[in-house]
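Each remark here refers to the structure printed beneath this line.
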Amino acid sequence: MPRRKGAPEVNAGSMADIAFLLLIFFLVTTTIETDAGLDRMLPPIEPPEQDVVIKQKNIFTVNINRNGQLLVEDNLMEIEDLREAATAFLENGADGSCTYCKGKKDPSSSDNPTKAIISLKNDRETKYSTYITVQNELVGAYNDLRNREAQRLYGQDFTTMESKYLDPETPSNVRDDLKDKVKRIQEMFPQKLSEAETTTD
Amino acid sequence: MAKFTKKKEGDLPAVSTASLPDIVFMLLFFFMTVTTMKDSSLMVANTLPNASEIKKLEKKDRVIYIYVGTPTQEYQKVFGTEPKIQLNDKFANVDEVGSFILAERAKKPQELQNVLTTALKVDKEANMGLITDIKQQLREVNALKVNYTTYEGDAFNNLQ
């Protein structure tokens, strides 16, 4: 009786072709995601119950005109200088209640970081790229200050702490630990960036 | 002697292709894991501006996308060259944004409906007028969390 051979070998020569086909399919139908950006909260549409009185000196007004020029606190300014000016305004600390501020304590500027508000206005014909640059610089001013305080208190940058906190792959015990720290820093420099309706004239 | 005939000169030994499928599969799995499916094809030019202070958009299922930009070449004859809004696969007017957001929100599971983010993918050449109108629409339907999607880079490159 002839010995039976095992199952005949399947020819795997075309396997590469099949795999290439799949590979090309995925290359064509998918994209490498570039989804990152500036997170912002829009103001709610209902006005607040009672009118809040805000002192003029606690508001840092930034106006962008249609040519992309900046009017900051009634002075013309280059976008390159905006971050520095915003930082100086935020940590001015005129009333002395902010112990961690390193500002000039100028009495005509903001009282303390929790009261300081940045108001951003733009024209309808302002270019979107200019607007994003300005937003980026203002968020950058907040981040610079928060990073500085986070470095002092916890020895790491606020932005890394926050992204670690928001990353779903971080283990939950690490996240709970970070939650309080992130919150504390956020309360030191709360992000108050108001965007009023655009002026039409 | 037949047994000892030399091999012909210059006859290269065949390269074994047995591991080729493995290599290709490796590539395939790499691309399957790092990429995501395109959910709508772009009908507008969409060169995003640069920004450096960016945050990643985690969890794709919590994001609603709105595209803004000038229509691409093939649509310019019909829709002109002014920046337009693209919702899913069609062009829309500003006043349709609100109902679009509500419809998209209704499609999501209950527990996610309050944590949705609206990602604005706006071409850098667009004007703020249109964006302001969209923002007003978003405020009206209480979709307050927005993300201005950008590329990572130096923000001052935008100004050139």
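Could you tell me which of A:64, A:116, A:87 has its Cα farthest along the dipole of segment A:56-195 towards the positive end, charges placed at Cβ (Lys, Arg +1; Asp, Glu -1), taken about the Cα centre? Positive-most Cα among the choices belongs to A:116.
Among A:47, A:107, A:168, the largest mean-square fluctuation in a Gaussian network model of chain A (Cα springs under 10 Å) belongs to A:47. For segment A:60-111, the list of trypsin sites (Lys or Arg not before Pro) that fall in a loop by DSSP and count at most 16 other C-beta atoms within 10 angstrom reads A:66, A:102, A:104, A:105.
For the peptide B:54-62, the mean number of other protein chain Cβ atoms found within 10 angstrom of a residue's Cβ is 5. Total lysine pairs in segment B:50-159 at Cα distances under 20 Å, for residues eight or more apart or on different chains: 28.
Percent relative contact order of segment A:56-195, based on C-alpha pairs within less than 8 angstrom and at least six residues apart?
Numbers: 203 pairs, mean separation 35.0, N = 140.
After rounding, I find 25 percent.
In the frame of its principal axes, the protein assembly as shown has Cα extents of 108, 56, 48 Å, reported largest first.
Using a Gaussian network model of chain B in which every pair of alpha carbons under 10 angstrom is joined by a spring, one finds that among B:121, B:59, B:84 the greatest mean-square fluctuation is at B:59. Look at the stretch A:102-110: the mean tally of other chain Cβ atoms within 10 Å of its residues' Cβ atoms is 0.
In this simple spin-label approximation, residue A:54 and residue A:25 carry label points 7 Å from Cα along the Cα→Cβ vector, and these lie 5.5 nm apart.
Please state the shape class of segment B:50-159: rounded when a/c is under 1.5, otherwise prolate if a/b exceeds b/c and oblate if not, all from the C-alpha gyration tensor.
On the way: a/c = 1.89, a/b = 1.16, b/c = 1.62.
Cα axes put segment B:50-159 in the oblate bin.
Rounded to the nearest 20, the Cβ-based charge dipole of the protein assembly as shown about its Cα centre (Lys and Arg +1, Asp and Glu -1) stands at 1720 debye. Based on alpha-carbon atoms, the Kirkwood radius and the radius of gyration of segment A:56-195 give Rg/Rh equal to 1.02. Among A:94, A:141, A:36, whose mean-square fluctuation peaks in a Gaussian network model of chain A (Cα, cutoff 10 Å)? Its mean-square fluctuation being the largest, the pick is A:36.
In order along segment B:62-68, phi translates into HN-Hα couplings of 9, 10, 10, 9, 10, 9, 9 Hz, rounded to whole numbers, per the Karplus curve 6.51 cos²θ - 1.76 cosθ + 1.60 with θ = phi - 60° and x for Gly and Pro. The convex hull of the Cα atoms of segment A:36-100, projected and averaged over all directions, covers 7.6 nm². Loop-located GluC sites (Glu not before Pro) across segment A:119-190 with a Cβ neighbour count of 10 or fewer within 10 Å are A:169, with loop assigned by DSSP. Normalised size of segment B:1-112, defined as Cα radius of gyration per 2.2 N^0.38 Å with N residues, equals 2.02.
Against the main long axis of the alpha-carbon atoms of chain B, helix B:128-140 sits at an angle near 70°.
Mind checking the angle between helix A:128-154 and chain A's longest principal axis? C-alpha axes, 0 to 90 degrees, to the nearest 10. Its long axis makes an angle of about 90 degrees.
No lab work stands behind these numbers, since they all come straight from the coordinates. Please read all numbers here as calculations on a predicted model, not as lab measurements. Every residue, glycine among them, receives a Cβ derived from its backbone with ideal geometry; neighbour counts consider all protein chains shown.
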